[in-house]
């Protein structure tokens, strides 16, 4: 067993986040949470103490040693992260959740009727949750994710480097889907590795990078 991940405290976020439109409707995304669940399992098997914050994902199994916290809505997710970081010190944060970047500027307290001929919705940006990690725990090592559909390697790496600069992440996973085929790059401030074409290979590459980083 690899020993330098043993007893490392790791917080992982995964899955979609919801924002409310009216009393019954939501706006979400297509994130499956599979990458975060896979990472949680692998880190746990290597001896890390893992807390997984997981959005609305169904039909999954999880090692009983993984501490699981569920959420659905953006505001709930934001509160849970702040609470966790205020109560417990973590060595690594792996932020793979697909966070809602915008929410409706007006929340309709009742269900919108179906007979409306025109419906225009204004949006406003949500707070950047990724900035919470380093703000609350400056010593934490951060892995961020950047998804750009149909993007080239050049664009993926460029966007990942911007995210490293803005979030102070140690690594960014830059991934894309082209014709339903997954590919990802592991990007740091000075180099990039990849592509890899499965989430399992991505998880192994990230673990190897973290082992070297902590060596």
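Derivation of every value follows stated rules applied to the coordinates shown; laboratory data play no part. Only a predicted model underlies this, so the values are computations on that prediction, with no experimental measurement involved. As a convention, Cβ positions derive from the backbone with ideal geometry for all residues, glycine included, and neighbour counts pool all protein chains shown.
Descriptive notes on the structure:
- Beta bridges by DSSP in the stretch 1-89, antiparallel share as percent, to the nearest 5: 15 percent
- Legend: ranking of residues 18, 165 from fewest to most surrounding C-beta atoms inside 10 Å; resulting order 165, 18.
- Whole-number percent relative contact order across the chain, with pairs defined as alpha carbons under 8 Å at least 6 apart: 19 percent
- Global form of the stretch 38-83, assessed from the alpha-carbon gyration tensor, a/c cut-off 1.5: oblate
- Residue order, fewest to most beta carbons within 10 Å, for 114, 100, 79: 114, 79, 100
- P(r) tail fraction, the chain - alpha-carbon pairs more than 31 Å apart, %: 21 percent
- The stretch 94-154 shape via C-alpha gyration tensor axes, a/c threshold 1.5: oblate
- Antiparallel bridges, percent of DSSP beta bridges restricted to the stretch 98-213 (to nearest 5): 70 percent
- Residue order, fewest to most beta carbons within 10 Å, for 30, 176, 126: 30, 126, 176
- Highest to lowest packing among 103-109, 35-41, 53-59, scored as the average C-beta count within 10 Å: 35-41, 53-59, 103-109
- With kT/(6 pi eta Rh) evaluated at 37 °C and eta = 0.692 mPa s, and Rh the Kirkwood radius from Cα pairs, the stretch 59-174 diffuses with a coefficient of 194 µm²/s according to Stokes-Einstein.
- For the stretch 1-127, the Kirkwood estimate of the hydrodynamic radius, built from every pair of different alpha carbons, is 16.1 Å.
- The smallest convex shape that holds all Cα atoms of the stretch 1-47, its convex hull, gives 77 Å³ per residue.
- Taking the DSSP beta bridges with both ends in the chain, the antiparallel portion is around 40 percent.
- One equal scatterer on each Cα of the stretch 155-215, no solvent, Debye formula: the resulting log10 I(q)/I(0) at q = 0.23, 0.26 Å⁻¹ is -0.94, -1.11.
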